[in-house]
1. Collect the residues in the range 16-48 that are open to solvent by less than 40 Å² (accessible area, probe 1.4 Å) and farther than 22 Å from Leu242 by Cα, keeping them in residue-number order.
2. Hey, does the range 196-209 have a residue that's closer than 28 Å to Leu348 by Cα, outside the structural domain of Leu16 (by the TED database), assigned to a helix (DSSP H, G or I) and among the hydrophobic types (A, V, I, L, M, F, W, C)?
3. Being of a type in the set (A, V, I, L, M), more than 21 Å from Val336 (Cα to Cα) and in the same structural domain as Val22 (by the TED database) is true for just one of Leu74, Leu45. Which residue is that?
4. Answer yes if at least one residue in the range 220-230 is farther than 25 Å from Gly77 by Cβ, over 21 Å from the mean Cα position of the chain (by Cα) and at pLDDT 90 or above, and no otherwise.
5. Could you grab the pairs with beta carbons closer than 8 Å, sequence gap of 6+ or different chains, first residue in the range 1-17 and touching a residue at least 60 places away in the same chain (Cβ under 8 Å), second one of a type in the set (Asp, Glu)?
6. Considering only residues that are farther than 13 Å from Val168 by Cβ and of a type in the set (Asp, Glu), look in the range 1-44 and name the one that is modelled with the highest pLDDT.
7. Residues of the range 195-228 being surrounded by fewer than 21 Cβ atoms within 10 Å (Cβ to Cβ) and aromatic (Phe, Trp, Tyr), which ones?
8. Quick one: in the range 69-128, of everything that is assigned to a loop (DSSP other than H, G, I, E, B) and among the charged types (D, E, K, R), which residue is nearest to Ala37 (Cα to Cα)?
Amino acid sequence: MDRRKKWTLAIFLFVLGDGIAVQTRGALLSTFEQSFAVSESLLGLVAPAGTIGLVLTVLIVGMFSGSLDVKRFLAVGVGVTIASLLLLGTSVSYLTLLVGFLVQGVAFGVFRAFDRPLLGHLYPDQRGRIFNLYAVLWALGATAGPLLVNVVLSLGDWRLTYLVLIVVFLPTAFLLRRLELPAETWTEQRLTLAELRSVLRKPSVVGMVCALVLTGGIEGTLFTWLPFYATQFVPQSTANLLLSGFLVMYIPGRLVYSRLVSHVRSLTLIATLAVTSLPLLFVAFVSPSPIELSVAVLGLGLLVSGFYPTMSAFGVDALPERSGPVNAVAVAANYVGLSVLPVVVGTLSGQFGISTGVRVLFPAMAGVALVVVVTRFRVGGIETRTPERS
């Protein structure tokens, strides 16, 4: 195996672990409620605790990625990730748990600021293929997260989930210790403050940010609250399987969309996915039966899976020479949504019940369609088809 493939393996193993770790949170939400005797409103803090640190870190590190030591920062990201898992696996209070998620978010942010840009530089002629595989690896990990929770809960204490997860990140730590990165591979340029303002004013970037905040909120709400909501109709273990079912649909969905974007404009595809999702949201969250809920959730997984990779690729394609900073802005926007909307749902659920709280998804999904249509008019004819990017 050559050096490029070893770097790819190291990144893919990390993103696999990232997917598993993130999707244990929603699956354990009911367990956190019982273990720490906290309200639904406080449970809503789980999502932002895991993403605030990530958003700030990925923005700061991503903006200066052109002048930083890639290998050193990736190694720091892995090391702090392992430390956060030790903290989560030994949590004795809800505050400690939230701190653990905050530290984990910082660690993920350091790594995520470099991983996709580095893959883009390693595979300059195959970005679509490699980004698609990256997204599929995350989806595989995310699918495994709730299943891991079910296995751990059947055997013992929920804290074992995070101690077991340490094993997943050790191979990446081992590979990073042994690998060297060719100097010519990393060609990112440092972004000045004036250049950053110019980037953020681009209509394509503004549209990308607004859309990703909303789509991130939709995904974050489903990741965090879907199992909790589903326990009204099915046992917790089945509710966790439903989340895994939602996530497993990301795999075929992203493979299909990576090909569709070669033939359909990115914004047209996103708008179509958003509009098509609205009736499925109605079926899933307005008095469903267990069967209707299951079918609608699987359909939503297939549709929602196309939002982030397609929209972030649209932004990067608009400014390919600034892939690091644009990637950082895209990740941050996505995670702002992931952290904010679940808190809104938790607050509403504390007052009116979870069935009312999750209906925030309706205006969020309609907002995605509106933002994309407005962005399409603003960019006019400059948007090109995104070549198989994921």
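1. Of all residues in the range 16-48, those open to solvent by less than 40 Å² (accessible area, probe 1.4 Å) come to 17-32, 36, 38, 43-44, 46-48.
Listed by number, the residues that qualify are Phe36, Val38, Pro48.
2. yes
3. Leu74
4. Yes, the range 220-230 contains at least one residue that is farther than 25 Å from Gly77 by Cβ, over 21 Å from the mean Cα position of the chain (by Cα) and at pLDDT 90 or above.
5. Matching pairs, first to second residue: Arg3/Glu180; Ile11/Asp115; Phe14/Asp115; Val15/Asp115.
6. Filtering first and then ranking leaves Glu33.
7. none
8. Asp69
The values are calculated or read from the model by the stated rules, or taken from the named source; none is laboratory data. Quantities reported herein were computed from a predicted structural model and do not represent experimental measurements. We place every Cβ from the backbone using ideal geometry, glycine too, and count neighbours over all the protein chains shown. All accessible areas refer to the heavy atoms of the entire protein, side chains included, with ligands and DNA or RNA removed. Shrake-Rupley method; radii C 1.70, N 1.55, O 1.52, S 1.80 Å.
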